[in-house]
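The structure appears below as structure tokens.
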Amino acid sequence: MKELDTHTYRLAVAQFDQAAETMQLDRNLRERLKLPQRSLVVSVPVRMDDGRVEVFTGYRVQHDSSRGPSKGGIRYHPDVNLGEVAALAMWMTWKCALAGLPYGGAKGGVTVAPKQLSRAELQRLTRRYAAEIFPLIGPDQDVPAPDVGTDAQTMAWIMDTYSQQVGYAVPGVVTGKPVSIGGSLGREEATGRGVVYVTLEALRQLNLSVQDATVAVQGFGNVGSHTALIMQQQGARVIAVSDVTGGIYNPRGLDVRDLLDRYKTRGQSLRDTKMGDWLSNEELLQLDCTVLVPAALSEQITGKNAASLRCRILAEGANGPTTLEADRILEDKGVFIIPDILANSGGVIVSYFEWVQDLQRFFWSETDIRNRLQEIITSAFHRTKQFATERCVSMRMAALMSGIDKVAQAHLQRGLYP
Ligand code: GLU
């Protein structure tokens, strides 16, 4: 399908092809799983504050629903397109299967620069987008969540729009909501906490102590900021963080709590905090560090810069941050890669907890959430490591193959309809 043919989609398919080939996946299934199950493209007309109507384009792609409702975030970003959303939906399918969650994969998005809209405009955009994708979503069908450019407030508007349409409150239609309307404790920080749990396991594998570890984080949004803060709480030294404008570097370690307070609460730019030397995102990736966490957008580590990376562990907080060419280079260099569908699965794991709590109308303590998250993600890490060792494949291939295998089994057991 030509609309899908973008670089991100090509990366997702190339990873899939490589895994499918290695595991000798059934030919018919291969053709099916390369493509989304359903894709919806919608026009989202929005009344802007100045009275004009601007029409945005929105998407919701369900890659697979053989194992349960499809699940995945909604992204607001100017570069969002059908191919990117379809790639992210495919990664969600493997991610949920790898973690053992009873979900398929989906993703949504709107091509928009959310920071350029007022809060009122964003609310109207979100509600109209939710109304347009209404036929596809629902607690038993497809459950959205936050992603780049969206947050708990976005989810609250979607939950309300959906609930208004059906006439009663349906908290289980989205996850990542505010706690006041059925959100889960610990969901906000869950992706970052998950990145930390698997990073601690990787450090153990390499016989490295967290106290001696240095960490560089690309991206200071939800995933990057919580990863940096929790790594520091675990005793690691966070030496650099960045956002779209660039980053700050301090070899003695940044006080992440103080930095977050200035950046998020007081709205200071990273540069204005003067807490470290200014550096570009490209320079950050090439810092000498124990752990590098790309937690921004896809395809940051490529054939061009992979050889210059100087980390021991690459913990992929973002989805699709590394190209296949870069994978080969990093493998030769002996970098321990914790692939995205494993490293950043803490978000969707706690989304699952949130959905279960909503359906049961019974809520868990934060300690329960943390313990169960750690149990699920740590066991996924060890299963993946063992698979990689036994089958002599990379951590990325091991994660993909395990996920794909679970989805393939579901398809083969359910059979082909009609
Ligand atoms: N957007 C997150 C991801 O890429 C979370 C998805 C979810 O919780 O459904 O994994």
Query raised in the report: So which of D368, D358 ends up being among the acidic types (D, E), touching a helix residue (DSSP H, G or I) at 6+ places or on another chain (Cβ under 8 Å) and part of a helix (DSSP H, G or I)?
Result: D358
Query raised in the report: Name the residues in region 99-115 that are of a type outside the set (D, E, K, R) and within 22 Å of E299 (Cα to Cα), would you?
Result: G105, A106, G108, G109, V110, T111, V112, A113, P114
**Report entry** Residue within region 97-110 that is modelled with pLDDT of 95 or more, under 30 Å from R414 (Cα atoms) and hydroxyl-bearing (S, T, Y) present
**Finding:** yes
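Just a yes or no: is a residue in region 91-110 away from the ligand (no atom under 16 Å from the Cβ) and surrounded by 23 or more Cβ atoms within 10 Å (Cβ to Cβ)? If you could, list the steps in order and put the result at the bottom.
From region 91-110, those away from the ligand (no atom under 16 Å from the Cβ) are none; that's our starting set.
No - not one qualifying residue is present in region 91-110.
With respect to V80, is the statement that it is within 16 Å of the ligand (Cβ to nearest atom), at pLDDT 95 or above and crowded, with 18+ Cβ neighbours inside 10 Å true?
Working: within 16 Å of the ligand (Cβ to nearest atom): yes; at pLDDT 95 or above: yes; crowded, with 18+ Cβ neighbours inside 10 Å: yes.
Yes, satisfied.
Rundown of residues vs (1) touching a strand residue (DSSP E or B) at 6+ places or on another chain (Cβ under 9 Å); (2) surrounded by 14 or more Cβ atoms within 10 Å (Cβ to Cβ), yes/no style:
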site	(1), (2)
T8	no, yes
D17	no, yes
N28	no, no
V44	yes, yes
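Which helices (runs of 4 or more DSSP H) does region 245-327 wholly contain that include 1 or more residues that are in contact with an Asp or Glu (Cβ under 8 Å, 6 or more places away or on another chain)?
Numbers: elements: 256-260, 270-273, 281-285.
The qualifying helices (runs of 4 or more DSSP H) are 270-273.
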Query raised in the report: Which of (1) under 30 Å from Q357 (Cβ atoms); (2) without any contact (Cβ under 8 Å) to a residue 40 or more places away in the chain; (3) surrounded by fewer than 23 Cβ atoms within 10 Å (Cβ to Cβ); (4) more than 19 Å from the chain's Cα centre (by Cα) does V256 not meet, given it meets every other one?
Result: (3)
Query raised in the report: Can you spot a residue in region 134-147 that is polar (S, T, N, Q) and within 16 Å of the ligand (Cβ to nearest atom)?
Result: yes
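Of G73, G51, G100, which residue is small (G, A, S) and farther than 30 Å from H382 by Cβ? Walk me through how you get there before you give the answer.
Working: G73 fails: farther than 30 Å from H382 by Cβ; G100 fails: farther than 30 Å from H382 by Cβ.
Of G73, G51, G100, the one residue that is small (G, A, S) and farther than 30 Å from H382 by Cβ is G51.
Please verify whether region 384-394 includes one or more residues that are surrounded by 24 or more Cβ atoms within 10 Å (Cβ to Cβ), more than 13 Å from the ligand (Cβ to nearest atom) and outside any helix (DSSP H, G or I).
no
Against the condition surrounded by fewer than 24 Cβ atoms within 10 Å (Cβ to Cβ) and either within 16 Å of the ligand (Cβ to nearest atom) or at pLDDT below 95 (or both), how does Q164 come out, does it pass? Can you show your working first?
On the way: surrounded by fewer than 24 Cβ atoms within 10 Å (Cβ to Cβ): yes; either within 16 Å of the ligand (Cβ to nearest atom) or at pLDDT below 95 (or both): no.
No.
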Query raised in the report: Quick one: in region 111-133, which of the residues that are of a type in the set (S, T, N, Q) and in contact (Cβ under 8 Å) with a residue 12 or more places away in the chain is farthest from the ligand (Cβ to nearest atom)?
Result: S118
Requested in this report: Can you tell me which residue within region 138-160, out of those that are part of a strand (DSSP E or B) and out of contact with any Ser or Thr (no Cβ under 7 Å at 6 or more places or on another chain), is nearest to Q62 (Cα to Cα)?
Outcome: P144
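Only one residue in L208, L229 is under 18 Å from R312 (Cβ atoms) and either in a loop (DSSP other than H, G, I, E, B) or touching a Lys or Arg at 6+ places or on another chain (Cβ under 7 Å) (or both). Which one?
Details: L229 fails: under 18 Å from R312 (Cβ atoms).
Result: L208 is the single residue among L208, L229 that is under 18 Å from R312 (Cβ atoms) and either in a loop (DSSP other than H, G, I, E, B) or touching a Lys or Arg at 6+ places or on another chain (Cβ under 7 Å) (or both).
Condition first: assigned to a helix (DSSP H, G or I), within 14 Å of the ligand (Cβ to nearest atom) and within 23 Å of T378 (Cα to Cα). Can you find one or more residues in region 183-190 that meet it? Explain how you work it out, then say what you get.
Step one: list which residues in region 183-190 are assigned to a helix (DSSP H, G or I), which gives 190.
From the residues that got through so far, the ones that are within 14 Å of the ligand (Cβ to nearest atom) too are 190.
Those left that are additionally within 23 Å of T378 (Cα to Cα): 190.
Yes, there is a match, as at least one residue in region 183-190 is assigned to a helix (DSSP H, G or I), within 14 Å of the ligand (Cβ to nearest atom) and within 23 Å of T378 (Cα to Cα).
The values are calculated or read from the model by the stated rules, or taken from the named source; none is laboratory data. Values in this document were obtained by computation on a predicted structure and should not be read as measured data. Glycine also receives a Cβ, built like all others from the backbone with ideal geometry; neighbour counts cover every protein chain displayed.
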